[in-house]
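Here it is: the structure, laid out below.
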Amino acid sequence: MKVDSIRNGVVIDHITPGRGMAIYRFLGLDRLNCPIAIIMNAASRRMGAKDIIKVDVDLPLELDALGYIDPDVTVNVIENGILTRKYHPGLPEEIVDIVKCKNPRCITTTEQELPHVFRLTDKENRTYRCIYCESKSKE
Amino acid sequence: MRHLIGMDDLSVADIDKLIATAEDIIASPEKYSDVCRGKKLATLFYEPSTRTRLSFEAAMMELGGGVLGFSEAQSSSAAKGESVADTAKVISCFADIMVMRHFKEGAPMVAARNASIPVINAGDGGHNHPTQTLTDLLTIKREKGRLTNMTIGLCGDLKFGRTVHSLIEAMSRYEGIRFVLIAPEELPVPDYIKHEVLEKNGIPYEETTDLEAVLPSLDVLYMTRVQRERFFNEQDYIRLKDSYILTPLKLAKAKADCTVLHPLPRVNEISVAVDKDPRACYFKQVLCGKYIRMALIKMLLESTSEEA
């Protein structure tokens, strides 16, 4: 299978196999008008298999969001066909307005313009909790 | 600016200091009768409460301060749709310290992030109720003479019981504590308390549905009410409300020095006949609540004036 290289855009590499579509939806890539490639279950020496997303447009880099969904991804920024920057987001300590608190008893359900803030409380199990009500985050 | 939103806002040293101050207030109340002269406490109670609100008001009055506020959301600007953040900014213009009870979890934290005066959480939905926990700690300290090396049984609604969650977090910081969690299968302690507080800190605990079987092992028995207001479904409430009823017959199996606590209000879960038993300490607990709140108000106001 051959997917062309991109000139100006972002390649999200080393996505855990099967998480590609989740990242696609989470970043709202379905709303873009540019060429996008989602490669699923590509062979990877390091991971065995991986998903890859290539977006042929200069995207705002939502590293916290990416780190929250899949902390081991690599984000490559391509400019004029050349790799110019590489990021490894990792698990962010805090995420703001990336996921919404689903607890109907939480103040975020009623308070106007309150940011939805989640904090990493358990690194090992990748648990994030709402800073207001301590409910676990759900994608 | 110091606030009290959850027990993790207080170090063990803070808790010990608050308990020491409360015990000094009990011993010599006259020393403290004027320490809040000219200061005002605002009580923002969006949810009904008798004990907690009156306890705070009595505490402030005994410190020589004044009190203003509301006792239900309908009589506040919340009825007009004002946000908690805006209310906190407005109240900061009128009072020196505020105490908030709200049916939404996290509301006092929103207030604290927007207020320019200290905020005390007096209960936010089923989430936290730190001043009840401080009350419980003071009562246990006075009854047992220590906060270490004991088995604490928590019985009733352990799922929605905010006092239970806060008490587990607080007591987990002391040495030699073991918990026995007694609840119907539908109302267990939430997983996050078990995993992130008990297991993470290596605190031994046992879960059971059988109160009588574990009663002889307990140094403290903390009874709780099944709270109607936490259920979306009335049928579930009716089915579970009388899961545990402590009677003199059952209490006969407990240790001679077992301390029976309850955050009150009680419905059916402790029979009135138990009140005469010297082990029943829940009314002493109410009084401890006033003293520990006096100590807390004093500490938070002092921290503000130190910053000024």
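The values are calculated or read from the model by the stated rules, or taken from the named source; none is laboratory data. These figures come from a predicted structure and were not determined experimentally. Glycine also receives a Cβ, built like all others from the backbone with ideal geometry; neighbour counts cover every protein chain displayed.
Restricting attention to segment B:156-167, does a residue exist that is surrounded by fewer than 21 Cβ atoms within 10 Å (Cβ to Cβ), modelled with pLDDT of 95 or more and within 14 Å of chain A (Cβ to nearest Cβ)?
No, because not a single residue in segment B:156-167 is surrounded by fewer than 21 Cβ atoms within 10 Å (Cβ to Cβ), modelled with pLDDT of 95 or more and within 14 Å of chain A (Cβ to nearest Cβ).
Are any residues in segment B:218-245 under 16 Å from residue B:182 (Cα atoms) and free of Cβ contacts under 8 Å to residues at least 40 places away in the same chain, and if so, which ones?
The answer is B:241, B:242, B:245.
Could you list, in sequence order, all residues of segment B:99-115 that are within 7 Å of another protein chain (Cβ to nearest Cβ) and in contact (Cβ under 8 Å) with a residue 60 or more places away in the chain? Talk me through it step by step, then tell me what you get.
Filtering segment B:99-115 for residues within 7 Å of another protein chain (Cβ to nearest Cβ) gives B:104-107, B:109-110.
Passing the criteria: B:107, B:109.
Can you find a residue in segment B:203-215 that is within 23 Å of the chain's Cα centre (by Cα) and β-branched (Val, Ile, Thr)?
yes
With the requirement that a residue be among the hydrophobic types (A, V, I, L, M, F, W, C), surrounded by fewer than 16 Cβ atoms within 10 Å (Cβ to Cβ) and farther than 24 Å from residue B:141 by Cβ, what does segment B:1-47 give you?
B:1
Next question. Would you be able to tell me the number of residues in segment B:125-144 that are more than 24 Å from residue B:298 (Cβ to Cβ) and either part of a loop (DSSP other than H, G, I, E, B) or out of contact with any Ser or Thr (no Cβ under 9 Å at 6 or more places or on another chain) (or both)? Working first, answer last.
Quick first cut of segment B:125-144, residues more than 24 Å from residue B:298 (Cβ to Cβ) only: B:125-127, B:144.
Then keep just the ones that are either part of a loop (DSSP other than H, G, I, E, B) or out of contact with any Ser or Thr (no Cβ under 9 Å at 6 or more places or on another chain) (or both); that gives B:125-127.
So the count comes out to 3.
Any idea which residue in segment A:118-139 is farthest from residue B:199 (Cα to Cα), counting only those that are facing chain B (nearest Cβ under 10 Å) and part of a strand (DSSP E or B)?
A:130
Let's see how each residue does on (1) closer than 21 Å to residue A:127 by Cα; (2) crowded, with 18+ Cβ neighbours inside 10 Å; (3) out of contact with any Ser or Thr (no Cβ under 9 Å at 6 or more places or on another chain):
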| residue | (1), (2), (3) |
| --- | --- |
| A:18 | yes, no, yes |
| A:21 | no, no, yes |
| A:39 | no, no, yes |
| A:61 | no, no, yes |
| A:67 | yes, yes, yes |
| A:95 | yes, yes, no |
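Also, I was wondering about something else. Which residue is farthest from the chain's Cα centre (by Cα), if the candidates are limited to segment B:55-89 and must be part of a helix (DSSP H, G or I) and at pLDDT below 85?
B:80
Same structure again: Looking for something at pLDDT below 95, outside the structural domain of residue B:58 (by TED's automatic domain parsing) and either of a type in the set (D, E, K, R) or out of contact with any strand residue (DSSP E or B) (no Cβ under 6 Å at 6 or more places or on another chain) (or both) - is there at least one such residue anywhere in segment B:269-289?
Pass one, segment B:269-289, residues at pLDDT below 95: B:269.
So of that shortlist, the ones also outside the structural domain of residue B:58 (by TED's automatic domain parsing) come out as B:269.
From what is left, the residues that are either of a type in the set (D, E, K, R) or out of contact with any strand residue (DSSP E or B) (no Cβ under 6 Å at 6 or more places or on another chain) (or both) are B:269.
Checked segment B:269-289: at least one residue is at pLDDT below 95, outside the structural domain of residue B:58 (by TED's automatic domain parsing) and either of a type in the set (D, E, K, R) or out of contact with any strand residue (DSSP E or B) (no Cβ under 6 Å at 6 or more places or on another chain) (or both).
Would a scan of segment A:67-84 turn up a residue that is part of a strand (DSSP E or B) and of a type in the set (Phe, Trp, Tyr)? Full working, then the answer.
Quick first cut of segment A:67-84, residues part of a strand (DSSP E or B) only: A:74-79, A:82-84.
Narrowing further to those that are of a type in the set (Phe, Trp, Tyr): none.
Looking for residues that are part of a strand (DSSP E or B) and of a type in the set (Phe, Trp, Tyr), one finds none in segment A:67-84, hence no.
Take the residues in segment A:105-117 that are more than 7 Å from every other protein chain (Cβ to nearest Cβ) and assigned to a loop (DSSP other than H, G, I, E, B); name whichever of them is farthest from residue A:65 (Cα to Cα).
Restricting to residues being more than 7 Å from every other protein chain (Cβ to nearest Cβ) and assigned to a loop (DSSP other than H, G, I, E, B), the top hit is A:113.
Every residue, every condition in (1) closer than 16 Å to residue A:79 by Cα; (2) at pLDDT below 90; (3) outside any loop (DSSP other than H, G, I, E, B); (4) not basic (Lys, Arg), yes or no:
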| position | (1), (2), (3), (4) |
| --- | --- |
| A:3 | no, yes, no, yes |
| A:10 | yes, no, yes, yes |
| A:13 | no, no, yes, yes |
| A:23 | no, no, yes, yes |
| A:39 | no, no, yes, yes |
| A:46 | no, yes, no, no |
| A:51 | no, no, yes, yes |
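Next question. Within segment B:181-193, is even one residue surrounded by fewer than 19 Cβ atoms within 10 Å (Cβ to Cβ), under 30 Å from residue B:106 (Cβ atoms) and without any contact (Cβ under 8 Å) to a residue 12 or more places away in the chain?
yes
If a residue must be under 29 Å from residue B:187 (Cβ atoms), assigned to a strand (DSSP E or B) and not acidic (Asp, Glu), how many such residues does segment B:90-124 contain?
8
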